[in-house]
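Here's the structure we're looking at; comments come further down.
The values are calculated or read from the model by the stated rules, or taken from the named source; none is laboratory data. Source: prediction; values computed, not measured. Counting neighbours? That spans all protein chains shown, and the Cβs are built from the backbone with ideal geometry, glycine included. Side chains are part of the model used for accessible areas, which takes the heavy atoms of the whole protein and leaves out ligands, DNA and RNA. Shrake-Rupley method; radii C 1.70, N 1.55, O 1.52, S 1.80 Å.
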Amino acid sequence: MKLSSLFKHKAYAFGHPNDTEQDCLFASKIISKIKPNFKINNITLSSVCDNYDVFHLINQKDIFYKLKISLSDPKNVLQKEVTAIRSLGSDHVPKYICKGSIKIGEDVDYLLTQAVQSESIRIAGRSVLAENIDQFFTNYFSFSNTKSVRAKYNSNLESFCSDLSPENQFPEESLASIKNYTDYNLCNNFFLTLQNEIKNYGDELKKVFQHKCHANLNLDSIFYNNHFFYLDFLDKVCMGHPYIDLCDLILDSGFLKENDIPLLDKFCSIGNLENNRDLYHHVFELQIRKKLGQLLLDYIKEVYLYDSYRYDKIIEIADVFSHLYERFCIIPIFKENREFIMKTICEPIFGVKA
């Protein structure tokens, strides 16, 4: 998604500790207009994302809801989530309540869902996932085996590759800052190489993309409560392959490399899925390139678009990058340019230009 000045403003307008109360009042005003009889006992700002802000609500009956608010949704992210939620059926969470647009000073898009009061694995901790991995796989396949959707993973990859370019992501002011502090041509060529490799792997795997998957699995999209897991942030749900989600899980969770095959075996056994190690390794080559591109682009965005304001996001990116560094070295373009990449990452911190 091309980030506009609106999103840059949004990063400063939402999520700052001093603004949290104001944000919750804004969300309460939206609820009062779309659900006049909805009595809120508690409301908190849960997370600030690029596309929307997420609020957790508890009503007078102690029922838990999530409200997602977007000031601009040009790619219809919220509608894509609605489509994915409806494909899950009534026995799964989150459950669709309503979606629409409302004018409160400016036009605001919203999505209200009912869920289970829970914490993301990012907050609850990786140990919760590791200690309950069998249950997670069971709940995952309950999700994966629901109704098919029209979206295809190759379309997701095309969109991802299109966005994997500073020219398509940043306004001129931010591009000028990047060019001033680093070798922009080298940076751009690095992303172009990743784009081509991702496209090639995606084309080779196109025939196996026939299974429903989340396609954006990470520690923020997995939620846990009392031995029950469910998935959220569903705008990328598509027909792909469960190996895509398994690879993303391994990469984002920091599981040790020696656990990859035992996890694959357990995953396939619990899901009654064909255990094809060659296919798994091929999907892994695709997903690790996608992960590298996303991390680097997200980091550049945080530094040059948001002026390192969202320090918690930078810490998350650095955390994932640190435990994947050795894995990334299997990618030739990364291995060849790792010194430049590390200087690029360290420059805003240490003032050493790449």
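Summary of values
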{"quantity": "Leading residue by the ranking (most open to solvent (accessible area, probe 1.4 Å)) among those in the stretch 124-142 that are free of Cβ contacts under 8 Å to residues at least 60 places away in the same chain and part of a helix (DSSP H, G or I)", "calculated": "Glu131"}
{"quantity": "Residue check, Lys301 farther than 26 Å from Thr83 by Cβ, in a helix (DSSP H, G or I), modelled with pLDDT under 95 and not aromatic (Phe, Trp, Tyr)", "calculated": "yes"}
{"quantity": "Any chance Ser32 is more than 28 Å from Tyr299 (Cα to Cα), free of Cβ contacts under 8 Å to residues at least 60 places away in the same chain and open to solvent by 40 Å² or more (accessible area, probe 1.4 Å)", "calculated": "yes"}
{"quantity": "Odd one out for Ala11, checked against (1) within 24 Å of Ser120 (Cα to Cα); (2) part of a helix (DSSP H, G or I); (3) at pLDDT 90 or above", "calculated": "(3)"}
{"quantity": "Filter result (closer than 24 Å to Asn139 by Cα, out of contact with any strand residue (DSSP E or B) (no Cβ under 9 Å at 6 or more places or on another chain) and not in a helix (DSSP H, G or I)) within the stretch 69-96", "calculated": "Gly89, Ser90, Asp91"}
{"quantity": "Any hit, the stretch 197-210, residues being free of Cβ contacts under 8 Å to residues at least 40 places away in the same chain and charged (D, E, K, R)", "calculated": "yes"}
{"quantity": "Only one of Asn156, Asn189, Asn145, Asn185 that is exposed (fewer than 15 other Cβ atoms within 10 Å of the Cβ), under 24 Å from the mean Cα position of the chain (by Cα) and on the phi < 0 side of the Ramachandran plot", "calculated": "Asn145"}
{"quantity": "Candidates Phe223, Phe228, Phe190, filtered to the one that is farther than 29 Å from Leu88 by Cα and among the hydrophobic types (A, V, I, L, M, F, W, C)", "calculated": "Phe190"}
{"quantity": "Asp50 charged (D, E, K, R), over 14 Å from Val108 (Cα atoms), at pLDDT below 90 and not in a helix (DSSP H, G or I)", "calculated": "yes"}
{"quantity": "Cβ-Cβ under 8 Å pairs, at least 6 apart or on other chains, the stretch 267-280 side open to solvent by 50 Å² or more (accessible area, probe 1.4 Å), far side not in a helix (DSSP H, G or I)", "calculated": "Ser269/Asn275"}
{"quantity": "Cβ pairs under 6 Å, 6+ apart, first in the stretch 35-55 and of a type in the set (Lys, Arg), second open to solvent by less than 30 Å² (accessible area, probe 1.4 Å)", "calculated": "Lys39/Asn59"}
{"quantity": "Which listed residue, of Asn200, Asn225, is open to solvent by 50 Å² or more (accessible area, probe 1.4 Å) and closer than 17 Å to Tyr140 by Cβ", "calculated": "Asn225"}
{"quantity": "Where Gln114 falls short, out of the listed (1) farther than 20 Å from Ile43 by Cα; (2) open to solvent by 10 Å² or more (accessible area, probe 1.4 Å); (3) modelled with pLDDT of 95 or more", "calculated": "(1)"}
